[in-house]
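Note sheet for the following structure.
Please treat every number below as a calculation from the coordinates, not as lab data. Note that the structure is predicted; figures quoted are calculated from it, not measured. Here the Cβ is made from the backbone with ideal geometry for all residues, glycine too, and neighbour counts use every protein chain on show.
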Amino acid sequence: MNADHSNEPLLDENGEIIKSKTQLKQEAEDIKQLGVALVEFSNAQLDEIPLSDELREAVQLANRINRKKDGFRRQLQLIGKILRQVELAPIEDGIQRLRAHHLRSNDHFHQLEQLRDDIVSQGDSAIQSLLDEYPDLDRQKLRQMQRQAVKQKEAEKPPKAAREIFQYLKQHIEE
C-alpha cells in the first residue's frame, strides 16, 4: 500500500480544493467575527468601508437592535450570509485602516497627556524641551498655565489648568 502522505491539498473532480470540516468552521467563524467588527463601527466609520447597500442596511439594523435580544443574533447571521456572497478583501482592508487610524489617535492622545504631565511636574525644563520641538508654542502662556496647574494641585482643587494645558497642546500639536 503506497499511501501518499504529502501536504498537497485534496482536489475534487473540478480541480477545486476540498476543505476539511475544521477549515469550513474556521472560515465561518472568521466571517462571523468580520460581521461583529462591522457592527462595532459608527455610520460615519462605515462610510469609510466599501459595503454593498444590502450589507450596510443589515449592519445599521443590527446597531438598532438590543444586543441582548435573539433578533440581534439572527441579524448577525444575516450579515454573515451576506458577507459569504461578497469579496471580503476590500472590507477587511477598510476595517484595518480604521483600526490603524484609531491606534494612531490613541497614541497621539497619550503623547499629549504625557507632555502635559511633564509640563506640570517639571516646569520650565519641560516647557523648553517642548519649545525646542514645537517653536510655534507660546512660552509665556505655557508657563502661566503650568504655575496655575501647580497651585491647583497643591490646593487639591480640580485640575482645570492642567486640562487647559492639554487642550492647548491638542490645538497646536498635529497628529
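Which entries of 32/170; 21/68; 68/160; 19/69; 68/170; 32/68 show an alpha-carbon separation above 28 angstrom in the structure shown?
The pairs that break the limit, which is 28 Å between Cα atoms, are 32/170; 21/68; 68/160; 19/69; 68/170.
Starting from the eigenvalues of the Cα gyration tensor, five times each then square-rooted, give me the equivalent ellipsoid semi-axes of segment 103-172, largest first, whole Å.
Each semi-axis is √(5λ); the values are 19, 15, 10 Å.
To the nearest 500 deg cm²/dmol, what mean residue ellipticity at 222 nm is calculated for the chain from DSSP H runs of n ≥ 4 alone, each contributing -39,500 (n - 2.57), summed and divided by the residues? Numbers along the way, then the final one.
Numbers: 8 runs with 123 residues, N = 175.
The helix-only estimate for the chain comes to -23000 deg cm²/dmol at 222 nm.
Can you check how the C-alpha radius of gyration of the chain compares to 2.2 N^0.38 Å, as a plain ratio?
After normalising by residue count via 2.2 N^0.38 Å, the value is 1.69.
Jot down the radius of gyration and Dmax of segment 21-86, Cα atoms only, both in angstrom.
For segment 21-86, the Cα-based Rg and Dmax read 11.8, 38 Å.
Multiply the residue separation of residue 150 and residue 125 by 0.36 nm, subtract the distance between their alpha-carbon atoms, and state the gained length in nm to one decimal.
Values: separation 25, 0.36 × 25 = 9.00 nm, distance 1.48 nm.
Taking residue 150 through residue 125 to full extension adds about 7.5 nm, to one decimal.
Sequence neighbours fewer than 8 away in the same chain don't count; with that in mind, list the lysines whose C-alpha is under 22 Å from residue 25.
Counting by Cα, and skipping residues close in sequence, residue 25 has these lysines nearby: 81.
Determine, from the Cβ-Cβ distance of residue 110 and residue 26 and an R0 of 41 Å, the FRET efficiency 1/(1 + (r/R0)^6), rounded to the nearest 0.05.
Once rounded, the FRET efficiency stands at 0.70.
If I take R0 = 35 Å and measure r between the Cβ atoms of residue 12 and residue 73 in this structure, what FRET efficiency does the formula 1/(1 + (r/R0)^6) give, to the nearest 0.05? If you can, show how the numbers build up before the last one.
Working: r = 33 Å, r/R0 = 0.95.
It comes to 0.60.
I'd like to compare 50-58, 103-111: which one has the highest average count of other Cβ atoms within 10 Å, and what's the full order after that?
50-58, 103-111
List, in order, the whole-Hz ³J(HN,Hα) value for each residue of segment 44-58 obtained from phi through the Karplus relation with A = 6.51, B = -1.76, C = 1.60 and θ = phi - 60°; use x for Gly and Pro.
Whole-Hz 3J(HN,Hα) from phi for segment 44-58: 5, 5, 4, 5, 7, 10, x, 10, 5, 4, 4, 5, 4, 5, 5.
Distance in nm between label sites at residue 141 and residue 170, each 7 Å beyond Cα in the beta-carbon direction?
With each label point 7 Å from Cα toward Cβ, the separation is 1.5 nm.
Report, in whole Å, the centroid distance computed from the Cα atoms of segment 142-175 and segment 48-95.
43 Å
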